[in-house]
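The values are calculated or read from the model by the stated rules, or taken from the named source; none is laboratory data. Everything quoted here is computed from the prediction, not taken from an experiment. Every residue, glycine as well, gets a Cβ built from its backbone with ideal geometry; the counts of neighbours run over all protein chains shown.
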Amino acid sequence: MGYSMENPNSLVLWEAQFGDFANCAQMIFDQFISCAEARWLRQTGHVVILPHGYDGVGPDHSSAHLERFLQMCDDNPFVIPEMEPQLCKQIQECNWQVVNVTTPANYFHVLRRQIHRDFRKPLIVMTPKNLLRHKDCKSNLCEFDDVEGHPDFDKQGTRFKRLIADPRNHKQVDVDINRLILCSGKVYHELDEERETSGRGDVAICRIEQLCPFP
(Lines give C-alpha, C1' and ligand atoms only; values in the text may rest on other atoms or scores of the structure.)
Protein backbone atom coordinates (compact mmCIF):
# COMPACT_ATOMS: atom_id res chain seq x y z
CA MET A 1 0.00 0.00 0.00
CA GLY A 2 2.88 2.36 0.74
CA TYR A 3 4.23 1.95 -2.79
CA SER A 4 0.88 2.98 -4.28
CA MET A 5 0.68 6.12 -2.13
CA GLU A 6 4.28 7.13 -2.71
CA ASN A 7 3.97 6.85 -6.50
CA PRO A 8 0.36 7.35 -7.70
CA ASN A 9 1.42 6.66 -11.30
CA SER A 10 2.41 3.07 -10.53
CA LEU A 11 -0.02 0.16 -10.70
CA VAL A 12 0.53 -1.73 -7.43
CA LEU A 13 -1.20 -5.11 -7.13
CA TRP A 14 -1.40 -7.55 -4.24
CA GLU A 15 -2.64 -10.99 -5.27
CA ALA A 16 -3.42 -13.62 -2.67
CA GLN A 17 -2.80 -17.27 -3.42
CA PHE A 18 -6.10 -18.15 -1.77
CA GLY A 19 -9.12 -15.99 -1.06
CA ASP A 20 -9.12 -16.41 2.70
CA PHE A 21 -5.53 -15.11 2.93
CA ALA A 22 -7.18 -11.70 3.20
CA ASN A 23 -7.93 -12.63 6.82
CA CYS A 24 -4.27 -12.04 7.69
CA ALA A 25 -4.53 -8.48 6.37
CA GLN A 26 -7.92 -7.63 7.88
CA MET A 27 -6.45 -4.90 10.07
CA ILE A 28 -4.89 -3.25 6.99
CA PHE A 29 -8.24 -3.32 5.23
CA ASP A 30 -10.04 -1.90 8.27
CA GLN A 31 -7.59 0.80 9.31
CA PHE A 32 -6.00 1.93 6.06
CA ILE A 33 -7.35 0.75 2.69
CA SER A 34 -11.08 1.13 3.32
CA CYS A 35 -10.73 4.55 4.98
CA ALA A 36 -7.51 5.97 3.53
CA GLU A 37 -9.18 9.01 2.03
CA ALA A 38 -11.66 9.78 4.80
CA ARG A 39 -9.45 9.04 7.80
CA TRP A 40 -5.91 9.71 6.60
CA LEU A 41 -6.62 12.17 3.76
CA ARG A 42 -4.55 10.05 1.39
CA GLN A 43 -5.60 8.60 -1.96
CA THR A 44 -4.34 5.20 -3.05
CA GLY A 45 -4.89 3.17 -6.21
CA HIS A 46 -3.87 -0.07 -4.51
CA VAL A 47 -5.32 -3.17 -6.23
CA VAL A 48 -6.18 -6.31 -4.24
CA ILE A 49 -6.76 -9.49 -6.27
CA LEU A 50 -8.50 -12.31 -4.41
CA PRO A 51 -9.46 -15.76 -5.76
CA HIS A 52 -13.17 -16.29 -5.19
CA GLY A 53 -15.78 -18.70 -6.44
CA TYR A 54 -16.02 -21.69 -4.09
CA ASP A 55 -13.84 -23.80 -6.38
CA GLY A 56 -10.47 -25.31 -5.64
CA VAL A 57 -9.14 -26.66 -2.36
CA GLY A 58 -11.89 -26.27 0.17
CA PRO A 59 -14.61 -23.75 1.01
CA ASP A 60 -12.31 -21.38 2.92
CA HIS A 61 -9.41 -21.19 0.48
CA SER A 62 -11.80 -20.60 -2.42
CA SER A 63 -13.83 -17.85 -0.73
CA ALA A 64 -12.58 -14.29 -0.40
CA HIS A 65 -15.62 -13.45 1.75
CA LEU A 66 -16.98 -10.96 -0.75
CA GLU A 67 -19.68 -9.95 1.70
CA ARG A 68 -17.09 -8.43 4.07
CA PHE A 69 -15.84 -6.00 1.45
CA LEU A 70 -19.37 -5.05 0.40
CA GLN A 71 -20.34 -4.42 4.03
CA MET A 72 -17.44 -1.96 4.31
CA CYS A 73 -18.54 0.05 1.27
CA ASP A 74 -19.94 3.51 1.97
CA ASP A 75 -21.89 3.65 -1.29
CA ASN A 76 -25.37 5.10 -0.74
CA PRO A 77 -27.91 2.48 -1.92
CA PHE A 78 -30.76 5.00 -1.95
CA VAL A 79 -29.16 7.50 -4.35
CA ILE A 80 -29.19 6.97 -8.11
CA PRO A 81 -26.39 9.17 -9.48
CA GLU A 82 -26.29 11.06 -12.75
CA MET A 83 -24.58 8.85 -15.32
CA GLU A 84 -23.44 11.46 -17.83
CA PRO A 85 -19.62 11.41 -18.08
CA GLN A 86 -19.27 15.02 -16.93
CA LEU A 87 -21.56 14.47 -13.92
CA CYS A 88 -20.65 10.96 -12.81
CA LYS A 89 -18.83 11.18 -9.46
CA GLN A 90 -20.18 7.95 -8.02
CA ILE A 91 -16.78 6.28 -7.75
CA GLN A 92 -15.07 9.40 -6.42
CA GLU A 93 -17.56 9.60 -3.55
CA CYS A 94 -17.20 6.00 -2.36
CA ASN A 95 -14.35 4.57 -0.30
CA TRP A 96 -13.33 1.78 -2.69
CA GLN A 97 -14.43 -0.29 -5.68
CA VAL A 98 -15.37 -3.97 -5.68
CA VAL A 99 -15.57 -5.84 -8.99
CA ASN A 100 -16.20 -9.43 -10.03
CA VAL A 101 -15.00 -9.58 -13.63
CA THR A 102 -15.72 -12.46 -16.02
CA THR A 103 -13.88 -11.57 -19.24
CA PRO A 104 -10.19 -10.94 -20.04
CA ALA A 105 -11.07 -7.64 -21.72
CA ASN A 106 -12.97 -6.37 -18.68
CA TYR A 107 -10.08 -7.42 -16.43
CA PHE A 108 -7.68 -5.48 -18.64
CA HIS A 109 -9.87 -2.38 -18.76
CA VAL A 110 -10.54 -2.24 -15.00
CA LEU A 111 -6.77 -2.26 -14.35
CA ARG A 112 -6.17 0.27 -17.10
CA ARG A 113 -8.85 2.49 -15.59
CA GLN A 114 -6.92 2.61 -12.31
CA ILE A 115 -4.03 4.45 -13.97
CA HIS A 116 -5.92 6.33 -16.66
CA ARG A 117 -7.99 8.34 -14.16
CA ASP A 118 -6.95 11.65 -12.67
CA PHE A 119 -7.75 10.38 -9.14
CA ARG A 120 -6.95 7.22 -7.19
CA LYS A 121 -9.29 4.78 -5.48
CA PRO A 122 -8.63 1.28 -4.01
CA LEU A 123 -9.82 -1.65 -6.12
CA ILE A 124 -10.87 -5.10 -4.87
CA VAL A 125 -10.98 -7.71 -7.65
CA MET A 126 -12.62 -11.12 -7.29
CA THR A 127 -11.06 -13.69 -9.63
CA PRO A 128 -12.63 -17.17 -9.88
CA LYS A 129 -9.97 -19.83 -10.41
CA ASN A 130 -11.96 -21.97 -12.83
CA LEU A 131 -12.24 -19.11 -15.32
CA LEU A 132 -8.49 -19.22 -15.95
CA ARG A 133 -8.90 -22.08 -18.42
CA HIS A 134 -12.62 -21.93 -19.14
CA LYS A 135 -13.33 -22.41 -22.84
CA ASP A 136 -15.92 -19.61 -22.91
CA CYS A 137 -13.97 -17.11 -20.82
CA LYS A 138 -12.34 -15.26 -23.70
CA SER A 139 -12.43 -11.89 -25.43
CA ASN A 140 -11.98 -10.83 -29.03
CA LEU A 141 -9.08 -8.53 -29.81
CA CYS A 142 -11.60 -5.91 -30.90
CA GLU A 143 -12.69 -5.60 -27.25
CA PHE A 144 -9.25 -4.22 -26.41
CA ASP A 145 -9.17 -1.50 -29.08
CA ASP A 146 -11.63 0.89 -30.71
CA VAL A 147 -11.63 -0.17 -34.37
CA GLU A 148 -15.31 0.14 -35.27
CA GLY A 149 -14.86 -1.48 -38.68
CA HIS A 150 -14.15 -4.87 -37.12
CA PRO A 151 -17.05 -7.32 -37.70
CA ASP A 152 -17.04 -8.29 -34.00
CA PHE A 153 -16.87 -4.71 -32.70
CA ASP A 154 -18.33 -4.49 -29.21
CA LYS A 155 -21.34 -2.17 -29.18
CA GLN A 156 -20.81 -1.45 -25.48
CA GLY A 157 -17.46 0.10 -26.31
CA THR A 158 -13.84 -0.67 -25.50
CA ARG A 159 -13.88 0.28 -21.83
CA PHE A 160 -14.64 -1.32 -18.50
CA LYS A 161 -18.25 -2.50 -18.47
CA ARG A 162 -20.00 -2.28 -15.12
CA LEU A 163 -22.74 -4.47 -16.58
CA ILE A 164 -22.35 -6.83 -19.55
CA ALA A 165 -25.47 -7.30 -21.62
CA ASP A 166 -26.48 -10.72 -22.90
CA PRO A 167 -24.21 -11.47 -25.89
CA ARG A 168 -27.02 -13.27 -27.66
CA ASN A 169 -28.71 -11.28 -30.39
CA HIS A 170 -32.33 -10.99 -29.27
CA LYS A 171 -33.90 -9.11 -32.17
CA GLN A 172 -37.34 -8.66 -30.64
CA VAL A 173 -36.92 -8.17 -26.92
CA ASP A 174 -40.62 -7.83 -26.15
CA VAL A 175 -41.41 -11.06 -27.99
CA ASP A 176 -38.31 -13.20 -27.49
CA ILE A 177 -37.53 -12.52 -23.81
CA ASN A 178 -39.75 -13.77 -20.99
CA ARG A 179 -37.18 -13.75 -18.20
CA LEU A 180 -34.13 -11.66 -17.34
CA ILE A 181 -31.50 -13.04 -14.96
CA LEU A 182 -29.03 -10.72 -13.25
CA CYS A 183 -25.95 -12.47 -11.91
CA SER A 184 -22.32 -11.81 -11.05
CA GLY A 185 -19.15 -13.79 -11.49
CA LYS A 186 -18.49 -17.27 -12.79
CA VAL A 187 -22.09 -18.41 -12.25
CA TYR A 188 -22.90 -16.72 -15.56
CA HIS A 189 -21.10 -19.46 -17.51
CA GLU A 190 -22.95 -22.16 -15.57
CA LEU A 191 -26.29 -20.48 -16.26
CA ASP A 192 -25.43 -19.99 -19.92
CA GLU A 193 -24.48 -23.66 -20.27
CA GLU A 194 -27.76 -24.73 -18.68
CA ARG A 195 -29.69 -22.35 -20.94
CA GLU A 196 -27.99 -23.86 -23.98
CA THR A 197 -28.70 -27.41 -22.80
CA SER A 198 -32.38 -26.76 -22.11
CA GLY A 199 -32.87 -24.66 -25.24
CA ARG A 200 -34.32 -21.70 -23.35
CA GLY A 201 -34.04 -18.95 -25.93
CA ASP A 202 -36.55 -16.82 -24.02
CA VAL A 203 -34.10 -16.19 -21.14
CA ALA A 204 -31.60 -13.32 -21.14
CA ILE A 205 -28.64 -13.28 -18.74
CA CYS A 206 -26.80 -10.09 -17.81
CA ARG A 207 -23.64 -9.92 -15.72
CA ILE A 208 -23.07 -7.30 -13.04
CA GLU A 209 -19.31 -6.76 -13.08
CA GLN A 210 -19.04 -3.82 -10.66
CA LEU A 211 -20.66 -4.44 -7.29
CA CYS A 212 -19.50 -1.27 -5.56
CA PRO A 213 -20.40 1.35 -6.36
CA PHE A 214 -23.44 -0.36 -7.81
CA PRO A 215 -23.58 -1.14 -10.63
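Here Tyr54 fulfils each of the conditions (1) farther than 20 Å from Ser184 by Cα; (2) assigned to a loop (DSSP other than H, G, I, E, B); (3) of a type in the set (Phe, Trp, Tyr) apart from (1). Before we move on, is Gly201 at pLDDT below 90, of a type in the set (Gly, Ala, Ser) and under 30 Å from Asn95 (Cα atoms)? No; evaluated as a whole, the condition is false for this residue.
From Ser62, Ser4, which residue is in contact with a helix residue (DSSP H, G or I) (Cβ under 9 Å, 6 or more places away or on another chain), touching a residue at least 40 places away in the same chain (Cβ under 8 Å) and either surrounded by fewer than 13 Cβ atoms within 10 Å (Cβ to Cβ) or not β-branched (Val, Ile, Thr) (or both)? Full working, then the answer.
Numbers: Ser4 fails: in contact with a helix residue (DSSP H, G or I) (Cβ under 9 Å, 6 or more places away or on another chain).
Going through Ser62, Ser4 in turn, the sole match is Ser62.
Residue count for region 95-144 under the criterion of being free of Cβ contacts under 8 Å to residues at least 40 places away in the same chain, within 26 Å of Gln71 (Cβ to Cβ) and either polar (S, T, N, Q) or buried (at least 21 other Cβ atoms within 10 Å of the Cβ) (or both): the result is 0. Among the residues of region 27-51, which ones are surrounded by 17 or more Cβ atoms within 10 Å (Cβ to Cβ) and assigned to a helix (DSSP H, G or I)? If the condition is that a residue be surrounded by 17 or more Cβ atoms within 10 Å (Cβ to Cβ) and assigned to a helix (DSSP H, G or I), then Phe29, Phe32, Ile33, Ala36, Glu37 are the ones that fit. Evaluate the following for Ile115: is it in contact with a Phe, Trp or Tyr (Cβ under 7 Å, 6 or more places away or on another chain) and modelled with pLDDT of 85 or more? No: the conditions fail for Ile115.
Only a single item in (1) at pLDDT 85 or above; (2) assigned to a loop (DSSP other than H, G, I, E, B) is not met by His109, and it is number (2). Only a single item in (1) over 14 Å from Met1 (Cα atoms); (2) in a loop (DSSP other than H, G, I, E, B) is not met by Cys24, and it is number (2). Please determine whether any residue of region 74-92 is among the β-branched types (Val, Ile, Thr), assigned to a loop (DSSP other than H, G, I, E, B) and modelled with pLDDT of 75 or more. Yes, region 74-92 has at least one match. The single condition from (1) touching an Asp or Glu at 6+ places or on another chain (Cβ under 8 Å); (2) at pLDDT below 85; (3) exposed (fewer than 12 other Cβ atoms within 10 Å of the Cβ) that Arg179 fails is (2). Restricting the first member to region 178-202 and to residues that are among the basic types (Lys, Arg), and the second to residues that are in a strand (DSSP E or B) and surrounded by 14 or more Cβ atoms within 10 Å (Cβ to Cβ), the beta-carbon pairs closer than 9 Å and six or more apart or on different chains are Arg179/Val203; Arg179/Ala204; Lys186/Asn100; Arg195/Ile181; Arg195/Val203; Arg195/Ile205.
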